[in-house]
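Let me begin by presenting the structure, written as structure tokens, before commenting on it.
The values are calculated or read from the model by the stated rules, or taken from the named source; none is laboratory data. Given the structure is predicted, the values throughout are model-derived calculations rather than measurements. In this analysis, Cβ positions are derived from the backbone assuming ideal geometry, glycine residues included, and neighbour counts consider all displayed protein chains.
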Amino acid sequence: MNKKNKLILEVKGLKTHFTTKRGVSKAVDGIDFTLHKGETLGIVGESGCGKSMTSLSILRLIPSPPGKIAGGSVLFKGKDLVTMTEDEMRKIRGNEISMIFQEPMTSLNPVIPVGEQIAEALRLHQKMGKKAAWEKSVEMLKLVGIPSPEKRAKQEPFQLSGGMRQRVMIAMALACTPEVLIADEPTTALDVTIQAQILELIKELQTKIGMGVIMITHDLGVVAETCDKVAVMYAGNIVEHASTEQLFANPKHPYTQGLLNSLPKIHEDQDELITIDGSVPSPYNMPAGCRFASRCPYREDICITHQPNLINQSDGVKVRCWKYTDEWTGNRDKEGVI
Ligand SMILES: Nc1ncnc2c1ncn2[C@@H]1O[C@H](COP(=O)(O)OP(=O)(O)OP(=O)(O)O)[C@@H](O)[C@H]1O
Ligand SMILES: [Mg+2]
């Protein structure tokens, strides 16, 4: 990625909290990242760590109540989306910033033919005429690999398979050539061949129009294939931020190390997945110290009592772990990971 590329998105101290009968759930709890033109940022982390809520916050689509952006800003080309009016947001959503949702039916209207839904977005945002919008809509369906796109365009979502609905949503997200695409597990429901096609299509569009992509995924293989840099999330925080190369070559945070260790090793004589013991703390009751402490093999006293900050290392990697600070006294790390 060319470092001189323009900054398009800057998330600063973003907090999204849910207030429910059980208390306040800190789903996203102060995260920072940037996205440049043509760049792909991966967001990874276990289920419930706040990946979807981060992306929904950017587009201001958090169910409210009970959810609320409790702090921070999301600067899109310098303008803060958090304080924009709903009218201004509508012009941005699906046009300048698009999202592929984890669950396709959340963004498709069940009773309108899919081709019409894409055409409608084109007419609204790109001011296209009826015929041109319809033609572009069919072209987009073809582009995402839907067979007989002219026929499928006239069908309603329920007449399509889950995989096809996912592709319709991708076609819709890409139709207006957005500057930022947020893809939340875009290919998990698809078979491997289609998955590769879709990732290829996103890449092509990225080169063509310089789209910035936020790729949310459980699949570290997809990260390795598509991302320039990666934010690892844990319990509402970013715990490591690194270039994809650095992350795979030298994962620093014990949680990242755990995630990479739990990858199936195809070439080794190992048929079981290594998993990280223990579980994520409740977002209603976050521990005072490091949120990963209860599961961390390197835990020391300071980890239980004080939360570490996300700190810049000399190689540009950011890591939220006491092990990488002067406060760390432990020498239990016999493998010399530090
Ligand atoms: N309506 C809600 N009320 C209360 N808490 C919520 C609500 N929706 C989400 N949350 C909280 O937000 C947290 C983050 O959820 P999010 O959907 O962002 O996780 P995720 O990282 O996308 O997980 P997955 O990988 O399973 O998609 C969860 O721990 C959940 O408790
Ligand atoms: Mg999610």
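Some notes on this structure:
- Number of residues in the range 71-123 that are touching an Asp or Glu at 6+ places or on another chain (Cβ under 9 Å), within 16 Å of ligand 1 (Cβ to nearest atom) and of a type in the set (A, V, I, L, M, F, W, C) equals 4.
- Odd one out for Gly129, checked against (1) surrounded by fewer than 21 Cβ atoms within 10 Å (Cβ to Cβ); (2) modelled with pLDDT of 95 or more; (3) under 25 Å from the mean Cα position of the chain (by Cα): (3)
- In the range 294-319, the residues that are part of a helix (DSSP H, G or I) reach residues that are of a type in the set (D, E, K, R) with C-beta atoms within less than 9 angstrom, at least six apart or across chains, in these pairs: Arg295/Asp277; Ile302/Glu327; Cys303/Lys323.
- Filtered residue count, the range 282-331, keeping only those that are surrounded by fewer than 20 Cβ atoms within 10 Å (Cβ to Cβ), within 16 Å of ligand 1 (Cβ to nearest atom) and within 22 Å of Phe33 (Cβ to Cβ): 1
- Per-region count, the range 1-54, residues within 18 Å of Glu179 (Cβ to Cβ) and in a loop (DSSP other than H, G, I, E, B): 8
- Selection from the range 133-148 of residues that are in a helix (DSSP H, G or I) and either aliphatic (A, V, I, L, M) or in contact with a Ser or Thr (Cβ under 9 Å, 6 or more places away or on another chain) (or both): Ala133, Val138, Met140, Leu141, Leu143
- Contact map, the range 69-96: first residue more than 21 Å from Ala183 (Cα to Cα), second residue of a type in the set (Asp, Glu) and surrounded by 14 or more Cβ atoms within 10 Å (Cβ to Cβ), Cβ cut-off under 9 Å, separation 6 or more or different chains; pairs are Ala70/Asp29; Gly72/Asp32; Gly78/Glu10.
- For beta carbons closer than 7 Å, sequence separation of 6+ or different chains, a first residue in the range 143-160 that is closer than 13 Å to Gln117 by Cβ and a second that is at pLDDT below 95 and charged (D, E, K, R), the qualifying pairs are Pro157/Arg165.
- The range 27-51: number of residues that are under 15 Å from Pro283 (Cβ atoms) and surrounded by 21 or more Cβ atoms within 10 Å (Cβ to Cβ): 8
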